[in-house]
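The values are calculated or read from the model by the stated rules, or taken from the named source; none is laboratory data. Just so it is clear, the structure is predicted and the values come from calculations on it, not from any experiment. Please note: Cβ atoms are built from the backbone with ideal geometry, for glycine as well, and neighbour counts cover all protein chains shown. These accessible areas exclude ligands, DNA and RNA; they are computed on the full protein's heavy atoms, side chains included. Shrake-Rupley method; radii C 1.70, N 1.55, O 1.52, S 1.80 Å.
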Amino acid sequence: MHARKKGKKVSVALKLDISKAYDRVEWHFSQSIMEKMGFPAVWIERVMSYVTTPSFSILVNGKPYDMIQPFRGIRQGDPITLYLFLLCAEGLTALLKKAESNGRINGVSICRGAPKIANLMFADDSLLFCQAIRAEGETIAKILQTYAKASRQSINFEKSSAYFSNNTLERQKGQMLEILGVHEVDQFVNYLGLPTLIGHAMYNTFSYLNDRVWKKLQGWKGMMLSRAGKEILIKAVAQSIATYTMSVFQIPLKLCNELEALHARFWWSQVGNERKIHWRSWDKLTASKKEGGRGFPDLRAFNLAMLAK
């Protein structure tokens, strides 16, 4: 007997754009979410009193007018605001999880045997994943409609976009775009400040780190800095530019070497194309001060340590 070969599933990633997300949070919705999640009544009462008590005044020609009492929204800038919005977004996550458990939507997995992912969310940055079929598209559209109606969030479909897998037919793309009401993109440029698609040419993908460090060092070239000042700037600023990226991706060794070369040129006061003697190799400068170095991190080792963490 010969097993029948299954066709590859076609999937779609939907990136949502929510207009004025924090200003539109419905207070009753936030309270209901906290009650559903089992928070103590006393704690909910205190949080809601913090949310519902603020008032605003508008200055007209330098004079404040009558106080305005809002009836929805949460103040931005306060440390607790992000967590309150995450509780609000938990309503959308719960609807997606319920649909996924009922088999109405199927997420995507990065490899065979890996768990499927139906959504990725960080505050108001949302990515939804499903199969590119009518039934799942209609389920996603209904979930978004339900969430928007309950939380009073306004999803900007004109700025929202969809990315399809390579094996998706044009007929399927048109069908999903019509149901979801969004437009198609070749790829998402970035998500949370990082590239979303990493191909074989990883050096080209992360070359922006080289440009950022070079621009930062160029801004310091005219400064009369001591050795201690240069050391602090290299450790605290120049090397920290790549920290966030290194905590998620393993960048190419060639790029690590180029970044270290930029640091070395700045350390030895080399400006532009001029050449100056590097009295010690960078490998020795990365050694600890007890061992005669300057304690500059080895970027390759630092990258691996961040990924292990």
Legend entry - Nonlocal Lys pairs with alpha-carbon distance under 28 Å, the stretch 24-153 (8 or more apart, or different chains): 13
Inset, instruction - Evaluate the charge dipole of the chain about its Cα centre and quote only its size in Debye, nearest 20, assuming +1 on the Cβ of each Lys and Arg and -1 on the Cβ of each Asp and Glu. - result: 1000 debye
Inset, instruction - Run the 1.4 Å probe and let me know the accessible area of Leu304, rounded to the nearest 10 Å². - result: 80 Å²
Legend entry - Carbon/sulfur fraction of accessible area - the chain, other protein chains in place, 1.4 Å, %: 55 percent
Inset, instruction - Could you list which residues have their amide H under 5 Å from that of Asn106, counting only those 5 or more apart in sequence or on another chain, with H placed in the peptide plane? - result: Gln131
Inset, instruction - Check cross-link reach from Lys215 to the lysines: straight Cα distance under 22 Å, and skip same-chain residues fewer than eight apart. - result: Lys230, Lys235, Lys254, Lys276
Inset, instruction - Before rounding to the nearest 500, sum -39500 (n - 2.57) across all DSSP H runs of length at least 4 in the chain and divide by the residue total; then give [θ] at 222 nm in deg cm²/dmol. - result: -12500 deg cm²/dmol
Legend entry - Glu231 accessible area, 1.4 Å probe, all protein chains in place, Å² to nearest 10: 20 Å²
Legend entry - ³J(HN,Hα) computed for each position of the stretch 53-70 - Karplus, 6.51 cos²θ - 1.76 cosθ + 1.60, integer Hz, glycine/proline x: 8, x, 9, 10, 9, 9, 8, 10, 6, x, 10, x, 9, 3, 5, 10, 9, x
Legend entry - the chain: angle of helix 253-267 to the longest principal axis, Cα-based, in degrees nearest 10: 60 degrees
Inset, instruction - Please calculate how many Å² of accessible area the stretch 47-187 carries per residue, with a 1.4 Å probe and no DNA, RNA or ligand atoms counted. - result: 60 Å²
Legend entry - Angle in degrees between helix 27-36 and the longest Cα principal axis of the chain, rounded to the nearest 10: 90 degrees
Legend entry - Kirkwood Rh, Cα atoms: Rg over Rh of the chain: 1.08
Inset, instruction - Would you mind listing how long the stretch 1-113 runs along its three principal axes, going by Cα atoms, in whole Å with the largest first? - result: 85, 38, 21
